[in-house]
Amino acid sequence: MEFKLDKQENSYGLLTVNVAEADFMPEYKSKLKQYAKGANMKGFRKGKVPMSMVEKMYGKQVKMDTFNEAVGKAVDTYLKDNNVKPLFQPMYKGDFITPEQLGAEQTVEFELLLPEFDLNLEGINADTFNLTVTDADVESTITKLKEAYPTKKDAEEAAKDDLVTATFKAVEGEYSKEGAAFELDDKLAEGIAAQFEGKKVGDVVTLDITSMYEDDNRLGLILGTEDKESFVGQFSIEITKITRNHEPELDVDFFNMVIGPDKASNEEEFRAELKKTIAEVNQQAIDNLTNENVRNAIVEATTIALPAELLKKVYKQNNPKATEEEIDENLAKFEEAVKWRAISDKVAEASEVKVEKEDVEAAALVQIKAQFGNFMGDEDERMGEFVQNYLSAENGKYFEQTYEQVYNEKIFAAAKEKVALTSEEVDLAKFEEFLTAKNEQAAK
């Protein structure tokens, strides 16, 4: 095959390939013989069908498949041998060749996205945060944790916000449901909670069950049925248990639940460990924000001209169900993502970014431990097995995802060595305010 690469403006490349019959016909004939060995046709023994008939039956499709396969492999080899690195797979240009068009020589063309630009990270500025976790932040977090993880105890008399467990029985009819639980909160219709407050285990409240909630679906969840005809009319509700939330004690059980087992034996150690945990959790958010700022700053400062029509063609291929309106709406963001990919490739090449198998396994270990709430230590003999099973699941899907994650982390690490970061000092409250405002802005 003969190749000609024409690099044009706006990062557009046109690869012309001249294909002779000799480039694919030998392989075509070989494949046809394989078909002939297994061909079945009435009047002939298996494998004894004349080649002319086999070719008539399968020839067009086999020839087309062989042609496409030969061209695809040759293009890949050409790009590799000539160090041509398009951002996406080459896009076929023009109408696809049909089997009837395959003659002595064919010319096919491929469009390539070949960004050429100068990248200089020196002098680019991006914002970041330096978080200081104060004792007040720790105290505020403990208050929230106590509200989220209360101690539950039985109560003698029902009061507002208690959890009431009861047996529901239809006054008329056979419907009965034991162990149904509901809270005496504001979700109940007006006046309903008051009918239960002050009641004890064994007491019975009779009411029209459809009056309990304005939303019948909530009542269905409590009774465990979507059949609304089952809960119509008067019901007797016999209280079998009353549970009340109490503020938990700052004891070892609470420490273990919040930060993991054996990390604190007293309140002082717990507060110190919690302060460290708060910093670590929020540092991940800071890192993500910083990476976003670095990415945006570099893309904005780097001029990369891209071919509009080819960009749209690539987007449509990746999003075949997208409407023209959706394409127009999302094309600008896609162009920005393409630019960042081109920049990432150049950063990776300049900084010799490499991702080793050990890097992927270490990242997977962090993810697995997070799923277990960090209740498993590195020394746990099961961890190695968990890591391998995780990375091999779904035909290596999670390996690819974790590899991409590690690769991106290394790209940003390399970029941040060059970019000037302007740090803003914040406490936890101020940082959370910033995150809330940013999320609200993104939701608009």
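Which members of region 240-263 meet the condition of being in contact (Cβ under 8 Å) with a residue 12 or more places away in the chain and either farther than 30 Å from VAL205 by Cα or part of a helix (DSSP H, G or I) (or both)?
PRO248, GLU249, LEU250, VAL252, PHE254, PHE255, MET257, VAL258, ILE259, GLY260, PRO261
Within 22 Å of GLY72 (Cα to Cα), within 45 Å of the chain's Cα centre (by Cα), surrounded by 12 or more Cβ atoms within 10 Å (Cβ to Cβ) and without any contact (Cβ under 8 Å) to a residue 60 or more places away in the chain - does that describe any residue in region 17-24?
Checking region 17-24: at least one residue is within 22 Å of GLY72 (Cα to Cα), within 45 Å of the chain's Cα centre (by Cα), surrounded by 12 or more Cβ atoms within 10 Å (Cβ to Cβ) and without any contact (Cβ under 8 Å) to a residue 60 or more places away in the chain.
Say we look at region 307-345 and pick out the residues that are hydroxyl-bearing (Ser, Thr, Tyr) and part of a helix (DSSP H, G or I); which of these is farthest from GLU111 (Cα to Cα)?
At the first step, the residues of region 307-345 found to be hydroxyl-bearing (Ser, Thr, Tyr) are 315, 323, 344.
Imposing the further condition that a residue be part of a helix (DSSP H, G or I) reduces the set to 315, 344.
Working: TYR315: 14, SER344: 22 Å.
Looking at the filtered set, the residue picked out is SER344.
Provide a single number: the residues in region 212-223 that are free of Cβ contacts under 8 Å to residues at least 24 places away in the same chain, surrounded by 13 or more Cβ atoms within 10 Å (Cβ to Cβ) and closer than 16 Å to ASP185 by Cβ.
2
Could you grab me the full set of residues in region 264-278 that are surrounded by fewer than 17 Cβ atoms within 10 Å (Cβ to Cβ), part of a helix (DSSP H, G or I) and either in contact with a Ser or Thr (Cβ under 8 Å, 6 or more places away or on another chain) or not charged (D, E, K, R) (or both)?
ALA272
So which residues in region 25-52 are among the hydrophobic types (A, V, I, L, M, F, W, C) and either exposed (fewer than 14 other Cβ atoms within 10 Å of the Cβ) or not assigned by TED's automatic domain parsing to the domain that holds LEU102 (or both), if there are any at all?
Passing the criteria: MET41, PHE44.
From the list GLU197, GLU156, GLU172, GLU178, pick out the single residue that is touching a Gly at 6+ places or on another chain (Cβ under 7 Å), loosely packed, with under 15 Cβ neighbours inside 10 Å and not assigned by TED's automatic domain parsing to the domain that holds ASP287.
The match here is GLU172.
For region 35-63, give me each residue that is under 47 Å from the mean Cα position of the chain (by Cα) and closer than 21 Å to PHE24 by Cβ.
Scanning region 35-63 gives TYR35, MET57, TYR58, GLY59, LYS60, GLN61, VAL62, LYS63.
Of all residues in region 123-170, how many are over 31 Å from the mean Cα position of the chain (by Cα) and in a strand (DSSP E or B)?
13
Please count how many residues of region 14-58 are small (Gly, Ala, Ser) and modelled with pLDDT of 85 or more.
Final tally of qualifying residues: 3.
Which of the numbered conditions does GLN106 fail, given that it passes all the others? Conditions: (1) under 24 Å from GLN317 (Cβ atoms); (2) in a helix (DSSP H, G or I); (3) not small (Gly, Ala, Ser).
Condition (2) is where GLN106 drops out.
Scan region 411-444 for residues that are of a type in the set (D, E, K, R), assigned to a helix (DSSP H, G or I) and either over 24 Å from the mean Cα position of the chain (by Cα) or buried (at least 17 other Cβ atoms within 10 Å of the Cβ) (or both) and jot them down.
LYS416, LYS430, GLU433
Every residue in region 74-103 that is of a type in the set (Val, Ile, Thr), modelled with pLDDT of 95 or more and either assigned to a strand (DSSP E or B) or surrounded by fewer than 17 Cβ atoms within 10 Å (Cβ to Cβ) (or both), please.
Residue satisfying the conditions is THR77 alone.
Filter region 407-426 for residues that are closer than 15 Å to ILE343 by Cβ and either touching a strand residue (DSSP E or B) at 6+ places or on another chain (Cβ under 6 Å) or not assigned by TED's automatic domain parsing to the domain that holds LEU131 (or both) and give the result.
VAL419
The values are calculated or read from the model by the stated rules, or taken from the named source; none is laboratory data. Keep in mind that what you see is a predicted model, and the values were worked out from it rather than measured. Here the Cβ is made from the backbone with ideal geometry for all residues, glycine too, and neighbour counts use every protein chain on show.
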